[in-house]
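Engineer: My questions all concern the structure below.
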Amino acid sequence: MRRAHAAAICARISSDQTGQGLGVQRQLEDCHKLAESKGWQVAEVYVDNDISAYRSKHRPQYARMLEDIEAGRIDAVIAYHQDRLTRRPMEWEQFVELCDRSGVDQLATVTSDIDFGNDNGMLIARITAAVAANESARKSERVKRKMQQNVEAGLPHGGSTRPFGFEPDRVTVRESEAQVIRELAARYLAGESMRSLANWMNDQQIPTTGKAEVWRTATLRTILTRGRIAGLRDHKGKPAGTAVWPAIITLSQHEQILALQRSKQRQGRRAPRRYLLSGLLTCGRCGSRLYSAARQDTRRYVCSKGPDHGGCGRMTIVAAPVEQWIAAAVLMRLDTEVMRDVLAGRAAKDERHAQLVGEIESAQTAMREFAEMFGAGEITRPELLAGRKPAEARIIAAQRQLDQISGAHALHGLVGNGGALREQWGSLNLDRQHAIVRAVMESATIQPGKAGAQKLDPARIVPIWVS
Ligand SMILES: [Zn+2]
């Protein structure tokens, strides 16, 4: 006899820092509709926050759902798509077994149905699990057919290589890779270099989609700078309109990435960062920036006299202990309520970001116009130089403010995870460490120490936190 099912709705917020919160609302609405159409009672809704496929993170709501299934409180499960439910073949296997054991005979997803009541259903579920990484072919086919019927403009290009972040149909987002793209975008905007990010991809053993076995800087740059990941259709390397596929990063992030790239091209290749606190320490006597210097076999941060630096030359601190102390303080700071507030203020910063990018672009246009006038013989070289000066100053000023705002991007996925990060800290590359420190701490003033003191006196370090 058929009873009214007590259904669980299971949803997942893929990343709560990129405006995907809306996504979960839609997932839930569609799931509720599906429950209604099947005549199932929704017994409970389980929503987990921010899961990356490449890191095992605890999913308390999913765990609670498993408990409820085991306790017999649930006999049907609804998810938007199978990948919203479990991410790894083994997890899926366990889920299937638990359902089997506990009498859950109905599982429905908005995108495709898997019916445990059917004998083949279980087999199919297991096979689906095994190929979960390569994703639901059925869904791709369905999307592809619909696209061919409905859409002309914004269709993806063909091509033999699957675009990273998307299924072979080039339209369906592959969430596990989309997570990676969001992290890459955030870290690039936080100041990490493409090279460092490519190294990270290789360290994480994230597979490429092409023939190459390892990630190269150029491949990564192509992915991050193309409009594709922002839901734009490129034509000959330029965005040519809205695409049919969903955006993985926001349009604003896309523009920030392009602006940052342009500014890096302008500045030329910068030397890799050499020390954790480069540019972040200030002399407590004269207010000058401290520079790293090797003295008597020990690396120190010092206030330098002389034409290039103009400091008082009377401040020095041994580098290693101050680096350790500040790193520890930063990681602790990440787990405080204050940092949640800092992140919450980011929407406003995004707006300011767009404004600054606009300023830079208008200044660049002005510079181009002067160059064209000079090229056409309308103005002389001194006039050209004089005319460009204010525009250059505007660009530099806006860029400086942009750099400050971009810092918050480094915190992507980190706030509240300082404890976990502490264990990995030593294995992070310097660019990444610096970006994290920079995102949490504006700067630190170093106060004079007692003459001859052997150990670091933490009272000498006066951090100014980002707020
Ligand atoms: Zn000084």
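What follows is calculated from the coordinates using simple rules that are stated; it is not laboratory data. Since the structure is predicted, the reported quantities are computational estimates derived from the model, not experimental observations. Here Cβ is always computed from backbone atoms with ideal geometry, including for glycine, and neighbour counts include all displayed protein chains.
Engineer: What ranking of 31, 312, 10 emerges when the number of other C-beta atoms within 10 Å of each C-beta is taken as an exposure proxy, fewest first?
Structural biologist: With the fewest neighbours first, 31, 312, 10 line up as 312, 31, 10.
Engineer: Please compute the Cα-Cα pair-distance distribution of region 161-208 with 10 Å bins starting at 0, giving whole percents from short to long.
Structural biologist: So the P(r) values, bin by bin, are 26, 51, 22, 1.
Engineer: Turning to a different aspect of this structure: For residue 251 and residue 457 in one chain, what is 0.36 nm times their gap in residues minus the Cα-Cα distance, to one decimal in nm? Intermediate values should be presented prior to the final figure.
Structural biologist: Working: separation 206, 0.36 × 206 = 74.16 nm, distance 4.65 nm.
Net length gain for the segment: 69.5 nm.
Engineer: Now for a different question. Taking 0.36 nm per residue of separation and subtracting the Cα-Cα distance, what length does fully extending residue 94 through residue 424 add?
Structural biologist: Extending this stretch completely gives an extra 115.9 nm.
Engineer: With only alpha-carbon atoms in the gyration tensor, what are the semi-axes of the equivalent ellipsoid for region 427-467, in Å, largest first?
Structural biologist: Details: eigenvalues 124, 42, 8 Å².
They are 25, 15, 6 Å, listed largest first.
Engineer: From Cα pairs below 8 angstrom and at least 6 apart in sequence, can you work out the relative contact order of region 178-228, rounded to a whole percent? Before the final figure, lay out the partial values.
Structural biologist: On the way: 25 pairs, mean separation 18.2, N = 51.
Relative contact order here is 36 percent.
Engineer: At a 10 Å Cβ-Cβ cut-off, how would you order 381, 26, 59, fewest neighbours first?
Structural biologist: Lowest count first: 381, 26, 59.
Engineer: Take each of the peptides 63-72, 281-290, average the number of other beta-carbon atoms within 10 Å over its residues, and list them starting from the highest.
Structural biologist: Values: 63-72: 15.4, 281-290: 19.7.
So the peptides 63-72, 281-290, ranked by packing, come out 281-290, 63-72.
Engineer: Now, a different point. Could you put 245, 92 in order, starting from the residue whose Cβ has the fewest other Cβ atoms within 10 Å?
Structural biologist: The order, fewest Cβ neighbours first, is 92, 245.
Engineer: What FRET efficiency comes out for residue 203 versus residue 385 if R0 is 51 angstrom and r is the Cβ-Cβ distance? Round to the nearest 0.05.
Structural biologist: 0.65
Engineer: A further question follows. For region 164-267, restrict the atom set to alpha-carbon positions and state the Rg and Dmax in Å.
Structural biologist: Both quantities, over Cα of region 164-267: 13.1, 39 Å.
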